[in-house]
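The block underneath contains the structure these notes are about, expressed in structure tokens.
All of the numbers you see were taken from the coordinates with simple rules; none came from a lab. What you are looking at is a predicted structure, and each value in this text was computed from that prediction instead of being measured. Cβ placement follows ideal geometry from the backbone for every residue including glycine, while neighbour counts extend to all protein chains displayed.
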Amino acid sequence: MRTLLSAATGPPTILLTTALVVVLCFWLLVAAGFTSVGSFDADANLRAWGMDGVPVAVAVSTLTAVAWFLSVGGVLLLAAWAPPCPATGLLRMVWPVAALPVAWRLTCLFVRPLHRLFPDEPGLPDRGEAREHVDHAA
């Protein structure tokens, strides 16, 4: 447990840990009804990043969680298997930064199937609703 806490709060992983805490607080606010999942959709377009089709909050939350798990997991593996030396210390500092592009690619793969859950356009009304609309117009 001590090693996990050290890995999560050590530099530079502490930045990802802080971001993960912010993400968790955001989802608590969504669960409580104070904000919505689509709160940031007008602020950012993730098409260029390969994560379009889902709300920005879902994509960024997934990216943050995957990067954090890769970073902490890699640091824990280094602590368990690599001998303590200056090269290991340097690798421990570089690993979380190297985990970011890997997390980005994995996030692109993870959010692709979620696109079906978040359609771009609302569905067309069924025939009953369309007839009702025509009847009221006449």
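With both labels modelled 7 Å from their Cα along Cα-to-Cβ, the Trp27 to His115 distance reads 2.3 nm. Remark: segment 18-118 carries a charge dipole of roughly 240 debye about the Cα centre, counting +1 on each Lys and Arg Cβ and -1 on each Asp and Glu Cβ. Checking the a/c ratio against 1.5 first, then a/b against b/c, what shape does the Cα gyration tensor give for segment 1-76? Note, shape of segment 1-76 comes out oblate. Across segment 7-97, C-alpha contacts under 8 Å between residues 6 or more apart give a mean separation that, scaled by the residue count, equals a relative contact order of 34 percent. Centroid-to-centroid, using Cα positions, segment 44-65 and segment 72-122 are 16 Å apart.
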